[in-house]
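First up is the structure itself, then whatever we jot down about it.
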Amino acid sequence: MPFSTLGLRPELLKALKPQDYPAPTPIQTLAIPAVLQGIDVQASAQTGSGKTAAYVLPLLELIMRLPRTAPRRVHSLVLVPTRELAVQVGDTLRSLAVHLPALKITVVFGGVSVNPQMMGLRGSADVVVATPGRLLDLVDKNALSLSAVQTLVLDEADKLLDLGFQDELQAILKLLPARRQNLLFSATFPPAVQSLADALLTDPLRVDVLPQIGTAPDIAQRAISVEAPQRTQLLRHLFQSQGWKRVLVFAATQHACQIIAAKLRKAGINAEPFHGQLGQGKRSQVLADFKASRLKVVIATDVAARGLDISELPVVVNFDLPRSAVDYTHRIGRTGRAGHSGLAVSFVSPDTEAHWRLIEKRQNISVPREIEAGFEPQTVSNPAHPQPKSLLHPQGTAHDPRGGIKGKRPNKKDKLRMAQQPSGQ
Ligand code: AMP
């Protein structure tokens with residue numbers, strides 16, 4: 001089904017460059033007509049499935065259908081949990097609104113001076129993309145009114161409905177008209193937040209796009225058993241031996257991000273930390289350098305786990321395991337995007353083995369533990385799983401002839417073949 005059948009005006013269709021948007025993705029096919037009808041929508045779709053455009057396109061269409069008011073009023077409010085996602089959604093809005101007349105799209109987030117954002121909101125805006133805390137600051141300062149909002153979008157909705165944002169979200173909801181359209185988008189809706197979602201939505205259309213064969217992200221998942229103190233060395237070894245060009249590494253704490261990055265830099269690898277304690281200028285710089293391949297490794301907390309769209313990111317490493325299976329989904333979803341294959345490697349130490357098994361259970365996966373030569377753990381903690389020696393290959397999957405077969409130790413010929421391939425992706 002082409003985009004032209006979805007009820008979008010020609011100016012929006014013109015903005016959909018065929019090389020970037022050849023045809024609607026399943027979430028777009030289902031969500032766009034529903035949003036245009038004005039009904040509430042709860043959409044679960046995998047990361048990288050085209051979720052952003054699935055709400056941005058109909059939002060822009062709905063705004064264009066409204067009579068122009070003077071003064072301008074905020075019609076659509078998009079809430080996101082991180083500053084980077086705010087910028088990314090703002091970019092998508094602007095690129096898809098490029099042929100529309102005089103629409104004002106304003107993006108606001110914390111960590112930077114509030115004054116330019118107050119100036120930016122003078123005369124209001126048609127669409128505001130915001131992180132919750134800064135939005136409330138701006139409302140407190142009378143920089144904007146939310147009393148005319150007709151459509152509220154929660155991107156990464158489960159995160160926004162979760163405890164960390166609950167108070168801010170409740171405060172924002174009180175500022176919005178009771179009658180409005182609510183759109184909830186996320187890759188995951190854990191049961192704990194579903195009741196909160198239900199309370200927010202009125203007769204919603206629930207759209208659940210299941211992974212489809214051939215269109216699901218192609219992410220090979222690997223787990224390497226390693227003693228915790230050896231992980232930085234293993235990371236360095238894999239980075240160098242596998243020829244990884246760009247790696248996003250997840251660590252549990254801001255401090256760990258700093259330490260790992262410093263150790264890698266000492267070893268001559270261009271690495272930077274990325275976490276909530278860094279100034280916004282630094283965060284933007286790190287992300288820009290990473291996207292432009294000036295930076296090889298970024299070590300991040302879960303602040304980078306959601307929504308970030310870094311095209312051609314071949315490898316994600318869980319240096320520390322994520323807290324939950326939901327976080328695992330979001331983390332590995334940073335790779336394997338837009339038709340590219342990806343590799344997600346998790347380091348499992350003896351003391352995190354039980355936690356990893358829980359993640360496997362919740363994800364309904366079983367990933368054989370691998371051991372990298374020279375990094376054999378002292379403690380064998382999981383006799384239930386075989387621990388084959390195998391070399392990792394960035395493109396390797398269970399059936400990938402280039403990466404070896406799961407559990408098969410590569411012989412000399414395998415290694416030679418792997419050495420002759422172009423490194424990385
Ligand atoms: P998202 O799920 O919104 O993070 O989108 C992931 C990536 O998919 C982005 O790089 C989009 O540019 C891309 N994308 C969105 N819609 C389409 C489409 N219809 N066809 C191909 N790529 C798309």
Compute the angle between helix 254-266 and the longest alpha-carbon principal axis of the chain, please, reported from 0 to 90 degrees and rounded to the nearest 10.
50
Among the listed pairs 159/282; 291/361; 159/361, which have their C-alpha atoms separated by more than 28 angstrom in this model?
291/361
The whole-number value in µm²/s of the Stokes-Einstein translational diffusion coefficient for the chain, with Rh from the Kirkwood sum over alpha carbon pairs at 10 °C and 1.306 mPa s, is 70
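Sorted by accessible area (1.4 Å probe), largest first, how do 25, 253, 82 line up?
Descending order: 253, 25, 82.
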Students often check this: by mean Cβ neighbours within 10 Å, which of 223-230, 182-189 ranks highest, and how do the rest follow?
182-189, 223-230
Taking 196, 163 and ranking on accessible area (1.4 Å, protein atoms only), highest first, one gets 163, 196
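Send over a whole-number figure in Å² for the accessible area per residue of the chain, probe 1.4 Å.
Numbers: 19020 Å² over 425 residues.
Per-residue accessible area for the chain comes out at 45 Å².
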Would you compute, from DSSP H runs of 4+ residues alone, the mean residue ellipticity of the chain at 222 nm, taking -39500 (n - 2.57) per run and dividing by the full residue count, rounded to the nearest 500?
-11000 deg cm²/dmol
Among 177, 154, 142, which residue has its Cα furthest toward the positive end of the charge dipole of segment 121-214, with +1 on Lys/Arg Cβ and -1 on Asp/Glu Cβ?
142
Ranked by how many other beta carbons lie within 10 Å on average, peptides 107-116, 51-60 from highest:
51-60, 107-116
Relative contact order [Cα under 8 Å, 6+ residues apart], segment 3-209, whole percent
29
Would you work out the relative contact order for the chain, in percent, from Cα pairs under 8 angstrom that are 6 or more residues apart?
15
With DNA, RNA and ligands ignored, accessible area of residue 312 (1.4 Å probe; Å², nearest 10)
100
Could you work out which residue, out of 273, 177, 314, moves most in a Gaussian network model of the chain, that is, has the largest mean-square fluctuation with Cα springs under 10 Å?
177
Roughly what angle does helix 231-241 make with the longest principal axis of the chain, taking Cα atoms, 0 to 90 degrees, to the nearest 10?
90
Nearest 10 degrees, 0 to 90: what angle lies between the long axis of helix 51-65 and the longest principal axis of the chain (Cα atoms)?
10
Which length gain, in nm to one decimal place, applies between residue 311 and residue 259 when the Cα-Cα distance is subtracted from 0.36 nm times their residue separation?
16.1 nm
Based only on the alpha carbon positions, what is the Kirkwood hydrodynamic radius of segment 127-255, in angstrom?
18.7
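Per residue, how much space in cubic angstrom lies within the convex hull of the C-alpha atoms of segment 3-209?
Hull volume normalised by residue count: 114 Å³.
The values are calculated or read from the model by the stated rules, or taken from the named source; none is laboratory data. If you're wondering where the values come from, they're calculated on a predicted model, not measured in any experiment. So basically every Cβ, Gly included, is an ideal-geometry build from the backbone, and we count neighbours across all protein chains shown. Remember, those area values only see protein heavy atoms, side chains included, never the ligands or the DNA or RNA. Shrake-Rupley method; radii C 1.70, N 1.55, O 1.52, S 1.80 Å.
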